[in-house]
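The values are calculated or read from the model by the stated rules, or taken from the named source; none is laboratory data. Since this is a predicted model, take the numbers as computed values, not measurements. Neighbour counts are summed over all protein chains in view; Cβ atoms, including those assigned to glycine, are modelled from backbone coordinates with ideal geometry. Note: accessible area is taken over every heavy atom of the protein model, side chains too, but ligands, DNA and RNA are not part of it. Shrake-Rupley method; radii C 1.70, N 1.55, O 1.52, S 1.80 Å.
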Amino acid sequence: MEHTPGFLHAILDSINENIVVIDPAGDIQYVNRSWSAFGNSNNACMSGDDWQTLNYLAECDKASAMGDEFGANAAEGIRSVLNGGQPEFYLEYPCHSPDEKRWFMMRVAPLQLNEAGYFVIVHHNITERKLAEEKVSALARIDGLTGIPNRRAFDEFLHEECRRCMRLRKPISLAIVDLDHFKLLNDTYGHQVGDECLRQTAALLQETVNRPSDLCARYGGEEFALIWGDTAQEQARQLLNQFLRNLSDSRILNIHSPTEKYLTASIGLTSIVPTTDSDMDQLVAQADDMLYLAKANGRNRIESQGEGHPGQMTP
Ligand SMILES: Nc1nc2c(ncn2[C@@H]2O[C@H](COP(=O)(O)OP(=O)(O)OP(=O)(O)O)[C@@H](O)[C@H]2O)c(=O)[nH]1
């Protein structure tokens, strides 16, 4: 079969990947049908119209100047292939539209045609893989039994929220909640009943976190941790008091408990206006100490350490 230019064009136009060919100055020399169609239906990324007048690098630089880190990375990578600094360049980047999430993988490689040197930039849609990765990543941060965030999610969230409160000079409150005599409940009613109690407790605690700067996580076996960003201790205490009332109203039997015949919880609460990264570890250590005190003082109570001046923990 004769390979006419029309035949070769038809092949390129049948490919799903968006293909652009640029010259060493970055001026666009060719685009396939997918690239034009994508550009025309998409305002967020590079436009498909008038591609003959576009300089690919200039478009990346424009995006970079507007704060798009992927535009900056793309420009740097393409230039390094153009200069012979590396044989090819790959970049995964987001290109979300108002209605859907989308990601692409860009591959830049040289194309030697007779005497002239060109560069082929192929954009491959990797949205399906990225969405699957997002799902796996979200699942890795959820506790399987209760369906709330796990310890790993807690650690990440606390770090971010502490940083944010540090910047804003706002207080952050942290509570560790530990069910009382839970071993006895398990021993008396069985592990499955124990599991159900953990789920119920998680649901009650979830009611105390309502804002994006709040988090309720399963911290350990029968321990939960709560973070309230930009929240003074008194507000956190009110939320925790309501939780203790709700738990008491749930009347979950723990008949052999030496303290109460219904399930109760002990809580360590602490608050701080963080000023350094190490305040985060201090916050957790103080909440732990307060929890220990709540257990020692008879359980079914909140013990707290107040928010002091920035960077200080005051009793
Ligand atoms: N059903 C169930 N029990 C759990 C789970 N994780 C931890 N536990 C149980 O929680 C109990 C915790 O016991 P302890 O650490 O002795 O604490 P406690 O009996 O609550 O006593 P205090 O904390 O001193 O009031 C243990 O019996 C664990 O087996 C879980 O996922 N499901």
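Which GluC sites (Glu not before Pro) in the range 45-96 sit in a loop by DSSP (not H, G, I, E or B) and have at most 15 other Cβ atoms within 10 Å of their own Cβ? For GluC sites (Glu not before Pro) across the range 45-96 that sit outside H, G, I, E and B with at most 15 neighbouring Cβ atoms in 10 Å, the list reads E88.
Shape of the range 1-129 from its Cα gyration tensor (a ≥ b ≥ c, root eigenvalues): rounded if a/c is under 1.5, otherwise prolate when a/b > b/c, or oblate? Don't jump to the answer; show the numbers that get you there.
Working: a/c = 1.67, a/b = 1.18, b/c = 1.41.
Cα axes put the range 1-129 in the oblate bin.
Separation of the alpha carbons by more than 22 angstrom is noted, of K101/K135; K261/K295; K101/K170; K183/K295, for K101/K170. The accessible area of H123, taken with all protein chains in place and a 1.4 Å probe, comes to roughly 10 Å². To the nearest 10, the accessible area of D143 is 30 Å² with a 1.4 Å probe.
Quick one: putting +1 on the C-beta of Lys and Arg, -1 on the C-beta of Asp and Glu, what dipole do you get for the range 140-314 around its Cα centre, in Debye to the nearest 20? Write down the numbers at each step before the final one.
Numbers: 19 positive and 25 negative charges, 56 e Å.
Here the range 140-314 has a charge dipole of around 260 debye.
Once the Cβ-Cβ distance between H159 and A203 is put in as r, and R0 is 30 Å, what FRET efficiency do you end up with, to the nearest 0.05? Efficiency at R0 = 30 Å is approximately 0.70.
Shown in residue order for the range 290-304 are the 3J(HN,Hα) couplings computed by the Karplus curve 6.51 cos²θ - 1.76 cosθ + 1.60 at θ = phi - 60°: 5, 5, 4, 5, 4, 5, 5, 8, x, 6, 6, 7, 10, 10, 9 Hz (x for Gly and Pro). Please compute the Kirkwood hydrodynamic radius over the range 56-133, one decimal place, Å, based on all pairs of different Cα atoms. Value: 13.5 Å, from the Cα pair sum. Please give the helix 56-65 orientation as an angle from the longest Cα principal axis of the chain, in degrees from 0 to 90, rounded to the nearest 10. That helix lies at roughly 30 degrees to the long axis.
Given R₀ = 30 Å, FRET efficiency for N241-K135 by Cβ-Cβ distance, to 0.05?
Working: r = 37 Å, r/R0 = 1.24.
Efficiency computed from Cβ-Cβ geometry: 0.20.
Label-to-label distance for L253 and N114 is 9.2 nm, based on points extended 7 Å past Cα in the beta-carbon direction.
What's the magnitude of the charge dipole for the chain around its Cα centre, counting Lys and Arg as +1 and Asp and Glu as -1 at the beta-carbon? Answer in Debye, nearest 20.
Values: 28 positive and 45 negative charges, 222 e Å.
Dipole about the Cα centre, nearest 20: 1060 debye.
Applying 0.36 nm per residue to the separation of N297 and E234 and subtracting their alpha-carbon distance, the gain on full extension is 20.6 nm.
Placing one identical point scatterer on every Cα of the chain and ignoring solvent, what is log10 I(q)/I(0) from the Debye formula at q = 0.07, 0.10, 0.16 Å⁻¹? Computed log10 I(q)/I(0) values: -0.49, -0.72, -1.17.
Residue separation times 0.36 nm, minus the C-alpha to C-alpha distance between Y90 and Y30: what's the value? Please report the intermediate quantities before stating the final value.
Working: separation 60, 0.36 × 60 = 21.60 nm, distance 1.99 nm.
The Y90-Y30 span can extend by a further 19.6 nm.
Protein heavy-atom surface of the range 5-130, 1.4 angstrom probe: 53% of the accessible area is carbon and sulfur, with nucleic acids and ligands not counted.
Compared with the dominant principal axis of the Cα atoms in the chain, helix 233-250 is inclined by about 70°. Put the Cα centre of the range 190-217 next to the Cα centre of the range 111-186 and the gap is 20 Å.
In this structure the chain gives 53 Å² per residue of accessible area when probed at 1.4 Å with all protein chains present. Packing around the peptides 293-301, 157-165, 109-117, taken as the average count of other Cβ atoms within 10 Å per residue, puts them in this order, highest first: 157-165, 293-301, 109-117. Largest to smallest in accessible area, the residues I11, I267 fall in the order I11, I267 (1.4 Å probe, all protein chains included). Across the options H96, F70, L184, the greatest Cα extent toward the positive end of the charge dipole of the chain (unit charges at beta carbon of Lys, Arg, Asp, Glu) belongs to L184.
Where a ≥ b ≥ c are the square roots of the eigenvalues of the C-alpha gyration tensor, would you call the range 127-172 rounded, which needs a/c under 1.5, or, failing that, prolate if a/b is larger than b/c, or oblate? The shape class here is oblate.
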